[in-house]
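The values are calculated or read from the model by the stated rules, or taken from the named source; none is laboratory data. Please read all numbers here as calculations on a predicted model, not as lab measurements. We place every Cβ from the backbone using ideal geometry, glycine too, and count neighbours over all the protein chains shown. Just so you know, the surface numbers come from the protein's heavy atoms only, side chains and all, with ligands and any DNA or RNA stripped out. Shrake-Rupley method; radii C 1.70, N 1.55, O 1.52, S 1.80 Å.
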Amino acid sequence: MNLEPGKTVPAVPVPLDAELRIAYDAYLAEEPDPAPMSLEKLSVIRTEIDAEVAALEDLGHGGRFTVFQPSVPGLDGAPEIPLLVCTPSGAPASRPALYFIHGGGFYCGDHRTELDQILETAERLGATLISVGYRLAPEHPYPAQINDAYAGLLWVADHADELGIDSERIVVTGFSAGGTLSAALALTVRDKGGPHLLGQLLIAPLLDDRNDSASALQMDDVELFDRSRNRFAWSSLLGDIQGGPDVPQYAAPARATDLADLPPTFLDVGSAECLRDEILAYADRIWQAGGEAELHVWPGGIHGFDQKAPEARISKAAVAARHNWLEHLFATH
């Protein structure tokens, strides 16, 4: 929720889950640069991410997946877009697809890294994973990112038969900025046309560029992805229009005035992260519009807790909840 005039922010932040606190302190010890995000720091982060990109044959995980990487046309003459297509060995014909959009604050990340968790989900469900690369901010501001994600989805739907997927059973999903783009993509498909989306799985998405909710202020400087880093992400994407009256809904989905007719939605967030209240508000507005949404607020969770501490009880519960939602969605639609 956004603060009402005259209201004050709770002075005490939400405590972190005990297991996460241990993992987070260890993470900080290994990553001792808590300096605010900056363009200088960005170049270092991108270099580190580039070094983590696995060879295409390694992404097959010893034959568990068939992997190929097509480049597909961009929207309206934009540069080609790389897709990574991973199909579990022995997956059924005409299977569902997870259309995955990577995170990284709009300014970093790669569609070929940090895929272990989503690959396990695809294998569990017998679904093809399609991970989309998109142009990064601030060199490529909005709408480059959503245009690339949209163009990739249109290509996937048009080539569903040769990919072996059912174009009526595509779920769009992403974490953090990838969750933002997933929500924006659902709005885009609803308003501008495109394939039917069976669902949207939004993991700790950035939804509101105004960055002024009670939780954004309450949890400022509590963890690495705090209000200042959130501001850097949105300013990278939007430049001078961030926080102003002219931000479109396809950039910041919380700006949408109408959340009706969206696909079934799963949202999750930690109670101890700055994005908490905007995600709660988005779920509430979907319900108010007569939509279907499942919301999880994980007590003491921080941004990306399931990746920072995958063995923690809370992390295993969060991943299981996502699996349960997807299994129910695929079984009933």
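Carbon and sulfur: what percent of segment 95-166's accessible surface (1.4 Å probe)?
41
With the Cα gyration tensor of the chain giving a ≥ b ≥ c as the square roots of its eigenvalues, does the rule (a/c under 1.5 for rounded; else a/b larger than b/c for prolate; else oblate) give rounded, prolate or oblate?
Judged from the Cα gyration tensor, the chain comes out rounded (a/c under 1.5).
For HIS296, which sequence-distant residues (separation of 5 or more, or a different chain) have an amide H within less than 5 Å of its own amide H, given hydrogens modelled in the peptide plane?
The answer is LEU267, ASP268, VAL269.
How many times 2.2 N^0.38 Å is the alpha carbon radius of gyration of segment 215-333? Intermediate values should be presented prior to the final figure.
Details: Rg = 15.7 Å, N = 119, 2.2 N^0.38 = 13.5 Å.
The reported ratio for this selection is 1.16.
Between HIS328 and ASP261, 0.36 nm times their residue separation minus their Cα-Cα distance comes to what?
Working it through step by step, the gained length comes to 22.1 nm.
Take the alpha carbon gyration tensor of segment 240-282, find the square roots of its eigenvalues, order them as a ≥ b ≥ c, and report rounded if a/c is under 1.5; if not, report prolate when a/b exceeds b/c, else oblate.
oblate
Summing +1 for each Lys or Arg and -1 for each Asp or Glu, what net charge is found among the other residues whose Cβ lies under 14 Å from the Cβ of GLN117?
For residues surrounding GLN117, the net value is -3.
Can you check how the C-alpha radius of gyration of segment 1-154 compares to 2.2 N^0.38 Å, as a plain ratio?
Working: Rg = 19.3 Å, N = 154, 2.2 N^0.38 = 14.9 Å.
Segment 1-154 yields a ratio of 1.29.
Could you give the longest part of the chain that holds none of the GluC sites (Glu not before Pro) found in DSSP loops with at most 10 neighbouring Cβ atoms within 10 Å?
140-310
In percent, how large is the relative contact order of segment 36-183, given Cα pairs closer than 8 Å and 6 or more residues apart?
Taking the mean separation of contacting Cα pairs over the length of segment 36-183, I get 28 percent.
How would segment 89-143 be classified by its alpha-carbon gyration tensor: rounded, prolate or oblate, with rounded meaning a/c under 1.5 and the a/b versus b/c comparison settling the rest?
Prolate shape, in that a/c is at least 1.5 and a/b is the bigger ratio.
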